[in-house]
1. With the cut-off at 1.5 for a/c, could you classify the protein assembly as shown from its C-alpha gyration tensor as rounded, prolate or oblate?
2. Which residue, B:GLY450, B:PHE262, A:THR99, has the largest displacement toward the positive end of the dipole of the protein assembly as shown when charges sit on each Cβ (Lys, Arg +1; Asp, Glu -1)?
3. Tell me the Kirkwood radius of region B:197-328: reciprocal of the mean inverse pair distance over distinct alpha-carbon atoms, in Å.
4. Give the dimensionless ratio obtained when the Cα radius of gyration of region B:335-466 is divided by 2.2 N^0.38 Å.
5. Can you put C:PHE123, B:PHE164 in order, fewest other beta carbons within 10 Å first?
6. Can you give the average number of partner chain beta-carbon atoms within 10 Å of each beta-carbon in peptide A:59-67, as a whole number?
7. Are any of the pairs C:LYS122/C:LYS263; B:LYS42/B:LYS329; A:LYS90/B:LYS42 more than 20 Å apart by Cα-Cα distance, and if so, which?
8. Which whole number gives the average count of other chain Cβ atoms within 10 Å of the Cβ atoms across peptide A:82-89?
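Rule-based calculations on the coordinates, nothing more; no lab input. Values in this document were obtained by computation on a predicted structure and should not be read as measured data. Virtual Cβ from ideal backbone geometry, glycine too; neighbours counted across all protein chains shown.
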Amino acid sequence: MSELKTAEQHNAPLTGKSELHEHPVDFNNYLRRCLFIFIAIVCATSLMIWISYLPEHYSWAEKVAMILAVAGANAFVVAGFLMHLISEKKMIYTLLVFTVFFVLGLFVLTICATQDFPTGTTFR
Amino acid sequence: METIVHEFPPYREHEATHGPAAHGHHADIGFGRKYIFSTDHKIIGIQYGFTALSFLLFGFFLMLLMRWQIAHPGQPMPFLGPLLAKILGQPAAGGIISPELYNSFGAMHGTIMVFLGVVPLAFAAFGNYVVPLMIGAPDMAFPRVNMASYHAYFLGGVVMSVSFFIPGGAAQAGWTSYSPLATTIPTHGQAFWIIGMVLLITSSLLGAVNFIATIIQLRAPGMTWMRLPFFVWAQFVTAFILLLAFPPLEAAGVMQLMDNLFHTSFFLPTGLAVGGQLANVSGGGSPLLWQHLFWFLGHPEVYVLILPAMGVVCEIIANNTRKPIWGYKSLVYSVLAIGFLSFIVWAHHMYLTGMGTKISSFFQATTMAISVPSVIILTCLFISLWGGSIRFNTPMLFTLAFLPMFGIGGLTGLPLGFNASDVYLHDTYYVIAHFHYVVAPGTIFALFAGVYYWFPKMTGRKMNEFWGRVHFWGSLVFMNLVFMPMFAQGIKGMLRRMADGGANYSAARVPGAIDTLPGTIMELHVWILWAAIALGIAQIPFVINLFWSIGHGEKVGDNPWHSTTLEWQAPTPPPHGNFDEPPHIYRGPYEYSVPGHATDFTPQNEPDVVKPVAPKVPAHA
Amino acid sequence: MLNVPCSGNFLLPFRNPHPLPRRSVEAGTFRISKMEIPYAIQARPDTGLYNAKVGIWLFLASEVMLFGGLFSAYVLLRVGADQWPHGWLNVTLGTANTIILALSAITTLLAWVACKTGQFGKFKFFHACTLLCALTFLGIKSYEYHDKWIHYEIKLKDGTFADGHLVEKSPDFDLAKKTGTVTLHGRIVTDETLLYDLRAQKNVELKEVTVPTADIKQMENYGPWHNTYLALYFTLTGLHALHILGGSIVIGYIWGPGRRLWKKNPEQFTNRVEVSGLFWHFVDLVWIFLFPVLYLT
């Protein structure tokens, strides 16, 4: 008898709750949200193009910085809402935090390593 | 409904009573689906294991050829020479290994040993077989992805092997494939190398996704994070390293492939001269970019090689000292710290590329920092031996040898991590001795231990103990005879990657010059050659033992080592789905010699005993 | 007694419509496992995720590292470059592709929501849109590639440069040999640096230029070998296009032959749509960065 009972207990945690029934989804609500997101993406894209055509007294470095800032915001909208990262589980956040950290490490350290020279030497 | 449970006879009984009938279902699936297109994690683990062991043997064989060439430069190989000349043609004309052929052997020895031998054996073979069993899962989370992972690996191996036979031969730019050398050597072997690597990277990516998802999602009820055996933790961190460190190399590989096939200049600088002439390239590339992207993988890869080995060692030590591992939590946090830090130490391989003092100091600091958790792990394992009643069986012998051997490998790495001493030691035989001590008598000993340890679970039989010991002592003695002299050679200034073993710089060739390589140092090459041959002979008992024991080893039960971890509580060999009943976990992984317990081990899935309450009866009655 | 066919025993996560561990009734024939892979469809309570979702996010994390490596190459090479081209790509086409990809990302999300709310018809419609967008994207991309392929820079023996698109439909050099001339729609410049920054030059006049083959010192099209910028352009967008291709094959499968699963197990089908959608959004995300760094700056 006790064996049967334990078998029952073993099965119990296997029946996880269905995600489908957790939050009721309204299609039209999503449609409206999607429209906003689309408009946001279009606006961000137009803004980037506009910045890139700014007159010459902005240097390319400044333009690149501004454009990347807009692209970042744009990416946030896509990742946050379309990939519904804004309401994801902790496990995924943990994973992404490490990934982003390592990517930044790759960027920053590589650049630093190629820009730092032994004292008294020059490159090229 | 539930009574059906009892109608299932345990697997082994059934096997005994209906032997031939039980095998009937194998025929149903067919050979192809069972052994080639299998989605069962255990079959895939064994596939990986055998393929990886074959590649290890192949890589070892390449090394023997190279050692002959180093010890006797320009002399034809005895016995193998004519054969080699027949297979490879011009590069081995007259049975003499040409410098070009030596270079390809060198590049391919490294590549094969690291990417086709040790990583697949340590991570994919043991991980696949053992991890799902240890966490009480029926299989990996994505069995078909698992199968695809093995197939990509196999294809990668085929591409690498085929490259020996193309005109121009296999890649010759070393296992690190530094540009622009890798692009300017006139052979398509490099393109084969990159394509092979992309396949191997794909394979390990699929494997890593699978491992992490399995460990996160498929832990049996009650298997909390802190109840995971250390081996699972080690594999978990290894999988993360593979997942996140390999893609930049893949990116670099794609760019180098573009350089080789589409004549781009990602890694080719402006003004590059080849053979004394200005190369016809657009230029503007950065050779250092390749090195950064390569070592971004390359250094974490070291931990991919060593962490699974540490996991294996930890399991075997706990089992054979019959006491809990010392400092389980320190081990777990250390392995996490190693995984994290391994991503920010890579440029210590590049101290000589003209980095400034600021950034070298940064990488020197992180390199020293990462040695701390490594030392913590080794210390915990050493302390675990204290006061244990140690069983000296073959797996334990290999494990005990791992500890000092890895210690030597690790400690000799410190002078390479300091940029001041690295300037002197960089690219010498000292480096070769250092990392071979980590990987060969380190990781590979741990993997041998793992083979001897888990063999009974895979086959239901033990490997022969006597020949195991012969294998162990032979390997231990000759491994050290091979690698110890290299420290001396390296400190004396012998550079690596020289086809003539430094004969051009020897005192015999240039007498009277300062800092030439003295005759004693040069003679060590001959010693090493014979030690390496003896090391090869010492592996023969292992190979025979491995195959012989599958059919003829001593039959043992489900849990011959009296182990606590979950894989030993499953039937032997575990059927599809692994467990007769979904296991439930009640305690940590290393509950050995628990006071008051009937046996000296308490399996993780043994229910807690509820002490029967004594009936309240008056004492005087 | 017959043996239980083993197909059910190969624990394929996608084949099992039963979320609970299944028990075989044919006891005593041969031991079929009673354990199926858990959480293949349902979420695991402590992580709140089903297996495939963990898997796809892990995969995307590694993709982040892959494109991270490529972007870091971009940064390093651009920082070290003597001069960097501006305005070499058609912004209109790039913008069109950006909008198309954004649209496809939206329809992907809506297709998933349609599945969640049980509206299979809407799913079919929205994912058809996704596929259409993907094909349009690839079409525009291949037009742009072709445009670069027939764009030539010709170094002339007198030190000037002829630059423009081949007028013949195909780069038929046999014709050039026969007629002895190469005709470009473009211009002749005396300074090669003028070819770099096209943004800075207003009102560049393009006309048909015919160059005798005898005058040509070197002739090279705007392929990846031309310079670092184009090498990056072709490598980055080529890898991205491969992702688009892979993604549309997966989505095409789910939309086409894979739709049978909807009847058998709508929940699992919805999961597939979600997971493939996450990949698709990631591909869009990569483009969001590729577009400005290649087309605008």
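1. Verdict is oblate for the protein assembly as shown.
2. Toward the positive end, the furthest listed residue is B:GLY450.
3. 17.6 Å
4. The value comes to 1.28.
5. Fewest-to-most ranking of C:PHE123, B:PHE164: B:PHE164, C:PHE123.
6. Average neighbour count from other chains, rounded to a whole number: 3.
7. B:LYS42/B:LYS329; A:LYS90/B:LYS42
8. 6
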